[in-house]
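Taken together, the values in this text are just the output of simple stated rules run on the coordinates, not laboratory data. Since we're looking at a predicted model, the values are computed, not measured. Using ideal geometry, Cβ is built from the backbone for each residue, glycine included, and neighbour counts are taken over all protein chains shown.
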Protein chains: 2
Amino acid sequence: MSNPIVVEVMRGARVESRHRGAGAVVDADGAVAFAFGEIDEPVFPRSAVKSLQALPLVESGAADALRLSEAEIALACASHSGARAHVETAAAMLAKAGLDVASLACGAHWPLGEDASRALSRAGETPSPLHNNCSGKHAGFLCLACASGWRTTGYEQAAHPVQRAAKAAIADVTGAALGEGVCATDGCSIPTYAVPLRALARGFARLATGVGLAPRRAAAARRIFAAVAAHPAMVAGEGRFDTEVMRLFGRRVFVKTGAEGVYCAALPELGLGLAVKADDGATRAAQAMIAALIGRFLPLDEDARLSLAPFAAPTLRNWNGIEVGGLRPAGPLAAPAR
Amino acid sequence: MSNPIVVEVMRGARVESRHRGAGAVVDADGAVAFAFGEIDEPVFPRSAVKSLQALPLVESGAADALRLSEAEIALACASHSGARAHVETAAAMLAKAGLDVASLACGAHWPLGEDASRALSRAGETPSPLHNNCSGKHAGFLCLACASGWRTTGYEQAAHPVQRAAKAAIADVTGAALGEGVCATDGCSIPTYAVPLRALARGFARLATGVGLAPRRAAAARRIFAAVAAHPAMVAGEGRFDTEVMRLFGRRVFVKTGAEGVYCAALPELGLGLAVKADDGATRAAQAMIAALIGRFLPLDEDARLSLAPFAAPTLRNWNGIEVGGLRPAGPLAAPAR
């Protein structure tokens, strides 16, 4: 396997580091609009498919039965910063299911958001599972279990109906076979299934368009897309890539990070889904890749193009604020001469 | 440029991410004992050469004139965690030069050490330049300037005698030509000069043996090696790779990280220097690489081999402490069948 160099990290005039990767831009019928690198090798999407894992919550009627708000549905799709709003929203979801933090099986970690993390330290507190970036997804799983009359203990296990439903949704939307050989354990203890980038991209095109999905599933996808577009700060947090890119483009772009250098995205107006993976697992590379692809496909006016540029090619500054270099898309992602 | 895959990140039974890189193990005469990838392309060593940058401080007599302690000399070579001991030691160095934190040009950042960072937050404080992981190096620069009668302002600039002396030491020890094309600005605002891995490795072999160095420089190198071996917690911090590996091996191993996936090391008893760079800049990959090389060359008993193993092939656990995968050296660094 030798994927191309797709992002270069410059220091002064020299390339300091290089990221390789693969990516696919695919429509709902599976037609590849653009691709680079190995796109048929299964990769773990990790948190990038939280919106697919949230489909059963919505389409089963559980979200409505528990009167989940749009912000709560967005949080079910989030890798959130652990800020107060995220923690309170996750707790509210659990309360609607008659549960509390004790039911969460995701484990605790310090908030992803630096401000949230420092605030917690400053308050002399330590993180609970509510601060885990996956707490909204887990609260969603618990809401589904509760509304469906399933036991809530063990909801994170592959054999539990909640995880079987999530797996079935991923398999249906992406069209990928999720055999035993592609299963591993995610950071929050649920199973994660490796899926080829081509199938992930097609899945996000289908999620965005509803093409090929059962009507109930397509309707759930529309609600999820509306929820994340209306609450981009729920999906990640202030200052973070996913939130800021979605703020920039509103309903035109859905974008979601996964650990180890994966990003999935959708451009609904074009009917396209996008999926990238940095070979080395670097988030900075995956962000530059997905931003470069958005810039390549989405029709943008000059203002929007300028606003997107710092995401595809961020400037690196040192501790004194001096510009020391930056990232730039390279190889198949290099900016075309204009 | 296509360096080999040298570290694989496993999740379950699958490779989730892959790191490429290059490395060299070289003796003081320049004989290559082992190499993989491109070792003649200049790479920015960043903080990995702090021990070379500290040579002028010691060999000029400045360290003795200001009565710097062994711990303070170790801190001059450090990328420290910003723990209390580091901060106090840096402040003490400045005080010996009649200066204080206001003279530091490195900028401020939150302590690298998570415990130190949380403690600072908990105390309601924000970081000062003393918490910058480079504050010991900068305090060393200021001590050199003071003892030499040079102005202290602008000591971080390439044209200042302090930086000219540091550059000359790197050029002398590594034998690399440091022309204009290889200079950029480091995170702490001093110049950083790109040096081929082959030359870096040879430089650390010369530093460890004194071979090819002027007597005064060789003596300074011996003092620096003794200082870091006696104070491994000064060079990084509790729980960090460099400190823990040096604790494991005492004077047998010197190891130092640089940003963007660089590590340099020396094995004095073998007269060997080591230098590696992960193409993508990942510290986790560089650590696994340098640990694998130490294990390949240093004669170790079974206990020491077992102690080193988690550094070359760390286990990855999730937020619930469940083992989800791990890193493993690959390709040219794959463990030989035993």
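Dipole of the range B:189-256 computed with +1 at Lys/Arg Cβ and -1 at Asp/Glu Cβ about the Cα centre; of B:Gly237, B:Val195, B:Thr209, farthest Cα towards the positive end is B:Thr209.
Can you figure out the FRET efficiency of B:Asn320 with A:Ala304, using R₀ = 60 Å and their beta-carbon distance, to the nearest 0.05? The pair B:Asn320/A:Ala304 has a calculated efficiency of 0.90.
Convex hull volume per residue, computed on the Cα atoms of the range B:166-279, equals 110 Å³.
Net charge of the neighbourhood of B:Glu323, taken over other residues with C-beta under 11 Å away and scored Lys/Arg +1, Asp/Glu -1, is +2.
The alpha-carbon of B:Lys96 sits under 29 angstrom from the alpha-carbons of these lysines, leaving out residues fewer than 8 places away in its chain: B:Lys50, B:Lys137, B:Lys167, B:Lys256. Electrostatic tally near B:Leu207: other residues with Cβ closer than 13 Å to its Cβ, Lys and Arg +1, Asp and Glu -1, net +4. Charge dipole (Cα centre; +1 on Lys/Arg Cβ, -1 on Asp/Glu Cβ; no other charges) of the protein assembly as shown amounts to roughly 40 debye.
Contact order for chain B, expressed relative to its length and based on alpha carbon pairs under 8 Å spaced 6+ residues apart, stands at 24 percent. Axis of helix B:84-96 versus longest Cα principal axis of chain B: the two differ by about 30°, to the nearest ten degrees. Helix B:302-312 and the longest principal axis of the Cα set of chain B meet at an angle near 80°. For A:Glu125 and A:Asp100, a Förster radius of 25 Å and the Cβ-Cβ distance give a FRET efficiency of 0.90, rounded to the nearest 0.05. Magnitude of the charge dipole for chain B, about its Cα centre and with charges confined to Cβ atoms of Lys, Arg (+1) and Asp, Glu (-1), is about 180 debye.
Build a GNM of chain B with springs between Cα atoms under 10 Å apart, and of B:Leu68, B:Leu274, B:Leu55 the one that fluctuates most is B:Leu68. GNM on chain A, alpha-carbon springs under 10 angstrom: the most fluctuating residue among A:Ala24, A:Ala74, A:Ala158 is A:Ala158. All other residues whose Cβ lies under 14 angstrom from that of B:Ala33 are scored, Lys and Arg at +1 and Asp and Glu at -1, for a net of 0.
In the elastic network of chain A, a GNM with C-alpha springs shorter than 10 Å, the most mobile of A:Gly321, A:Gly140, A:Gly179 is A:Gly321.
Rg and Dmax over the alpha-carbon atoms of the range A:150-227 stand at 13.3, 36 Å. Axis angle, to the nearest 10 degrees, between helix A:215-230 and the longest C-alpha principal axis of chain A: 60 degrees.
Each principal axis of the Cα cloud of the protein assembly as shown was evaluated for its coordinate range; sorted largest first, these ranges are 81, 58, 48 Å.
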